[in-house]
Every structure is written in structure tokens, then in C-alpha cells.
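Right, one structure below, let's go through it.
Values quoted throughout were computed directly from the atomic coordinates according to the rules given, and no laboratory measurement underlies them. Everything numeric here is computed off the predicted structure, so don't read it as measured data. Heads up, the Cβs are rebuilt from the backbone with ideal geometry, glycines too, and the neighbour counts pull from every protein chain shown.
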Amino acid sequence: MSTIRFIHTADLHLDSPFKGMTGLPPARLNELRESTFTAFSRFIDYAVETSPDFIVIVGDIYDGEDRSLRAQRKFREGMERLHEVGIPVYITYGNHDHLSGNWVRFELPPNVHEFAGSVEEVSLTVRGMDVVLHGFSYPNRQVREEMVSHYPTALDNQSFHIGLLHGSIAGNDTHAVYSPFTIEELQSKHYDYWALGHIHLRQKLSENPPIVYSGNLQGRHRNESGEKGFYEVELSKTDAIFSFVPTSAVHFGKIQVPCVNIRHANEWLAACEDALLSFASQHGPSVVDVEIITLDDGTATFIAQTAEDIWLDAIREMMEGYDPFVWVQRLTFSNNLHHKENNALVESVLGQVDSWSADEWKRVLGDLYQHVRTARYLDPLTEEDIDDLRKDVEKLLLNELPTVQEVSQ
Ligand SMILES: [Mn+2]
């Protein structure tokens, strides 16, 4: 049997502080802050039960460069459990937990190999088969240069060669580009598998050989929605079989609630409640954005009589006490509650905003994104962010401008 079986995971971001989450009741916030650890425990439990040949963890084990004591202690405990059952683990550190950070060192058990600050190779034998792993840890936070040229080309076809790389595709400006690579460059190394980290969205960039992001174990905000987990891979010289194993403890998601022929607030709240409970029964504890769609004029009329924030509070209060919990982070309406017809000024500003390209958005937000103190805390601007900002602009204009109009008339 010439198949090896390993787990590929990355971007654990242990002890992620969920800073942007405000307003949650303390118990829920606590559950959310524990979620990276809960997801990590699920991964360790799975490994202990199923005993893979080895595990690769491709960077960003810790969320912060100080590698919080608690995160290190929990990680060490997990590695100890794998050590007890004889599972080797190969880890690299990424931009979040680079080697130059200032942290108190924990010693890891001997089953764990930590890749050094420059590309190195490590060999192991799995049931008589040779496996060679290639990788490096970030020596400092900003590895902007390409690193692939430091990876050796596989010359023998007998061993399994696996590349560990924390980075992103060159020229992709939706994410901070670290250690940029092209798919062709990776393919040219003749490896059997590329285990990637850094991008939190699970995806396969190529099938042959597999070039794969496992995504993170636990979503950290609304832009990391959906089921999160890791890949278990059965790899032969001709084939790769993937099993995705979900681990997320809290699910970030979006729900659309259709509202037709609703004439009373209680009916509307009940429709939201039904949708939220059915989401939670499917996904477990959740943080969701709710979008109200297909709003007819009658429904829109009574909803418009109360501020959106007050509706949001009402939904949140209604959902208190349910287990698993569902926290509504945002409430939006697919059509505008306020009539914007005849409001030429709003139309003209929105028309202007709609015409901005991603580059223009970046220029507009330049003060924030280029500020020496704020820039490092901001995730790169995504299309989703731009869409949200645009909606906020519209809301602000519609809420504020009637006053201006009244004055001018
Ligand atoms: Mn990461």
C-alpha cells in the first residue's frame, strides 16, 4: 500500500481576541473568545482518534506575535497528546507568529519539528516510504520577497515531497501579499503536495499536484464565514483523496429573511426568529448578518417607522436565552426603507461612489490604511468590505440628508 495519510491545517490563530465584536452578552463573548481553542481541541481529538501518519501546520498558530501564554500552554498540551500516541507534527510560523516576536518560550515535545527561519528539508519514514518535507518559518513579520526559489526541486520520484508554504499568489491585492508565488513556480518543483497557509478561505489552487489552502480552524469575523476546519489527505503517487473535517465552534454566516404580506411587528419578528433558529439548529452557535429581502411596501412602511438600530436591539433581545446561541451582528434591508426618489443629491453622490474602482476606494481610505499606527491592525480591503462601506454611505446619506433638504427648501 503506497499511500500516506496526513492532516493539513493552518492559521489556528489561537487566542484571537475578536476585538471587533461588541455588544454581545458576556457569556456569548466568552464562548466566542474560546472558539479558537475549542476548534483546536476538536482537531487534536480527531487526530488522536484516527492516528494519521503525521500532521503539518502551516503558519499562524498564534494570533499575536507575543504568542499569549495561554495559547502556548494550550498548544503545548495538544502537542503532548499527539506525542503520547506517537504522531509527528511539522510546524512553520507565519506572519502572525514570526520568529522575531517577543514571547516567553515554551518547550514543545520531541514529536514536534519547528521549521527554521530559512527553507530547510526534513525527512521521515512512513511504513517504509520516504517523505521529505520542505518549509520555513517567517524570520520576521514582513516576508514580502518570493521564497519559492529557495525550495529545492524534487529529483527522485520514489519519495513523497511535500512543500509547506505560508503565503499568497503574487499580484493578488485582496490580501496582504506575503511570500508571493505563482502556481507555475510551485508546479515546477515536482512536489507531490503543496500545503499552504495564510489565506483563510479553504481552496484548491491546483489538482495535480494538489496545491491547497486548508483555511482556518475557526472563523474570526463576518468575512470568514461558513464551515471551517482542516483537511485529512490520503496521498499516493497518482492520487489524492481529501476529507474535510469541520472544527468551528462558532459559525459566522449570513441569513436572508423574505418578508411578504407582513403587517405587524410581531409577525416580522417571528419570521426573523424562525429563520435564526433554523440556522442555529443547522450550524450550532452562530454570529450572523441578517438581510431582509422581498420587502413589500406595506411591510416597509411599518418598519420604516422605527430606527433600524431599535429593530436590531429587538431581535437580539428576542434571541437571548436560546441555546445554541445566535447573535445578529448586522441587520440590513435589501430595498431602501426610505424613499430616495427625487433626492437628486443622494442619487448623484451614490452614482459617484458606485463608479469608484478598488484603487479609488483605497485612495479614499488611504489615511486610515496608510496610517503608521492603524495600518498593521487592518485586514486588507476586500470587495465585501467595499460593498459594506457603500451600503453604509447610502444609509448615512438617506438618514442625514432629509434634514439638509428641509433646510434648503
Ligand atoms: Mn493567518
For the residues Tyr369, Tyr138, what sequence is obtained by ranking on other C-beta atoms within 10 Å, fewest first? Tyr369, Tyr138
Proxy exposure order for Asp97, Asp63, Asp354, Asp385 (fewest C-beta within 10 Å first) is Asp354, Asp385, Asp63, Asp97
Rounded if a/c under 1.5, otherwise prolate or oblate - the range 251-408, Cα gyration tensor axes: oblate
Which of these, Gly101, Gly229, Gly321, has the largest mean-square fluctuation under a Gaussian network model of the chain (Cα springs below 10 Å)? Gly321
Might you report the magnitude of the Cβ-based charge dipole of the chain about its Cα centre, with Lys and Arg at +1 and Asp and Glu at -1, to the nearest 20 debye? 880 debye
Sequence gap at least 6, Cα distance under 8 Å: using those rules, report the relative contact order of the chain to the nearest whole percent. 13 percent
Looking at the square roots a ≥ b ≥ c of the eigenvalues of the Cα gyration tensor of the range 139-249, which shape do they give, rounded for a/c under 1.5, prolate if a/b is larger than b/c, or oblate? oblate
So how do Ser137, Ser225 line up by other beta-carbon neighbours within 10 Å, fewest first? Ser225, Ser137
Which of the lysines could be linked to Lys237 by a straight reach, that is with a Cα gap under 24 Å, when you skip same-chain ones fewer than 8 residues away? Lys189, Lys204
Using helices alone, I'd like the mean residue ellipticity at 222 nm for the chain: each DSSP H run of four-plus residues gives -39500 (n - 2.57), total over residue count, nearest 500. -10500 deg cm²/dmol
In degrees, nearest ten, helix 383-408 long axis to first principal axis of the chain (Cα): 20 degrees
Taking a straight Cα-to-Cα line shorter than 18 Å from Lys362, and setting aside same-chain aspartates and glutamates fewer than 8 residues away, one finds Asp173, Asp354, Asp379, Glu383, Glu384, Asp385, Asp387, Asp388, Asp392
